[in-house]
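Novice: This is the structure I have questions about; it appears just below.
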Amino acid sequence: MIGGGKNSPRTQKGRIMDKRHFDIELDNLREKLVLMASKVELLINQSIESIRRKDVSIAQAVLGMDKEINLLEIEIEEAAIALIARHQPAAGDLRFLIGAIKINNDLERIGDHGVNIAQNAVVLAALPDVKPLADLPWMAGLAIGMLKDSLDSFISADPGKARDVCTRDDQVDELKDQIIRVVLTYMMEKPDFISHGLTLILVSRNLERIADLATDISEEAIYIHQGKVIKHGIEKQSG
């Protein structure tokens, strides 16, 4: 047999070409995931802006952005699964692909929470401003900051920043509880505020879930870049 041996130049060349093709596909997947992250971050910022400005047109634009994110999520997931099936990557590349699938799903869910906030913004736009609303931008700032830093930690391979995000989740939880307490007090004192108050509570809960998912992304970033699993307060090296 000419050129058919296991270590023949032809076989080695094929492996090199296959590795190059895999690296190109991996880079393309990484770029799509970064694009997904930027779209989701923009969607969340716009949904919060629609509340701040009481602008229904911004809230409606968020719905169109969500459709783009949903399509991109499917595209990224299919590409990642195909890479695993075709190339059977090992070690770091496999961790990246598994982590990318999870982060991709987390980003899509964050987008859904942004849509929920935008839909609530439409309701709030028709109502007068009240004090509890003043605390929402603060909570939103914390949640958006966590999202931004979690994505930065993934993109720039910065596990330290990812760990910092995980420590900030309690702040958002505490602020959500504070907002709910204030809103419930208003609702007891002013029965005509009940519909308004329930909407504010829904917004705060969506912001809390965005912070939770940002924490999940940070945990995946640590898994990808350090091979460590951090979940439920337990940390261990991945096998």
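The values are calculated or read from the model by the stated rules, or taken from the named source; none is laboratory data. What you see is a predicted model; the values in this text were computed from it and never measured. In this analysis, Cβ positions are derived from the backbone assuming ideal geometry, glycine residues included, and neighbour counts consider all displayed protein chains.
Novice: Taking Arg95, is it part of a helix (DSSP H, G or I) and over 30 Å from Leu200 (Cβ atoms)?
Specialist: So Arg95 passes the test.
Novice: Are any residues in segment 148-164 out of contact with any Asp or Glu (no Cβ under 9 Å at 6 or more places or on another chain) and either assigned to a helix (DSSP H, G or I) or charged (D, E, K, R) (or both), and if so, which ones? Spell out the reasoning first.
Specialist: Filtering segment 148-164 down to residues out of contact with any Asp or Glu (no Cβ under 9 Å at 6 or more places or on another chain) leaves 155-157, 159-160, 163.
Once the filter is applied, which keeps residues that are out of contact with any Asp or Glu (no Cβ under 9 Å at 6 or more places or on another chain) and either assigned to a helix (DSSP H, G or I) or charged (D, E, K, R) (or both), segment 148-164 yields Ile155, Pro159, Gly160, Arg163.
Novice: Among what's in segment 110-151 and is among the charged types (D, E, K, R) and touching a helix residue (DSSP H, G or I) at 6+ places or on another chain (Cβ under 6 Å), pick the residue that is nearest to Ile224 (Cα to Cα).
Specialist: Restricting to residues being among the charged types (D, E, K, R) and touching a helix residue (DSSP H, G or I) at 6+ places or on another chain (Cβ under 6 Å), the top hit is Asp149.
Novice: Tell me the residue from Val172, Val203 that is free of Cβ contacts under 8 Å to residues at least 60 places away in the same chain, crowded, with 19+ Cβ neighbours inside 10 Å and within 30 Å of Glu77 (Cβ to Cβ), please. Break it down into steps so the answer makes sense when it comes.
Specialist: Working: Val203 fails: free of Cβ contacts under 8 Å to residues at least 60 places away in the same chain.
After applying the criteria, what remains is Val172.
Novice: Could we say that Arg109 is closer than 18 Å to Ala140 by Cβ, surrounded by 14 or more Cβ atoms within 10 Å (Cβ to Cβ) and charged (D, E, K, R) here?
Specialist: yes
Novice: Restricting attention to segment 1-60, and to residues there that are touching a Ser or Thr at 6+ places or on another chain (Cβ under 9 Å) and in a loop (DSSP other than H, G, I, E, B), which single residue is modelled with the highest pLDDT?
Specialist: Filtering segment 1-60 for residues that are touching a Ser or Thr at 6+ places or on another chain (Cβ under 9 Å) and in a loop (DSSP other than H, G, I, E, B), the one modelled with the highest pLDDT comes out as Gly5.
Novice: Confirm whether Leu198 is in contact (Cβ under 8 Å) with a residue 40 or more places away in the chain and in a helix (DSSP H, G or I).
Specialist: no
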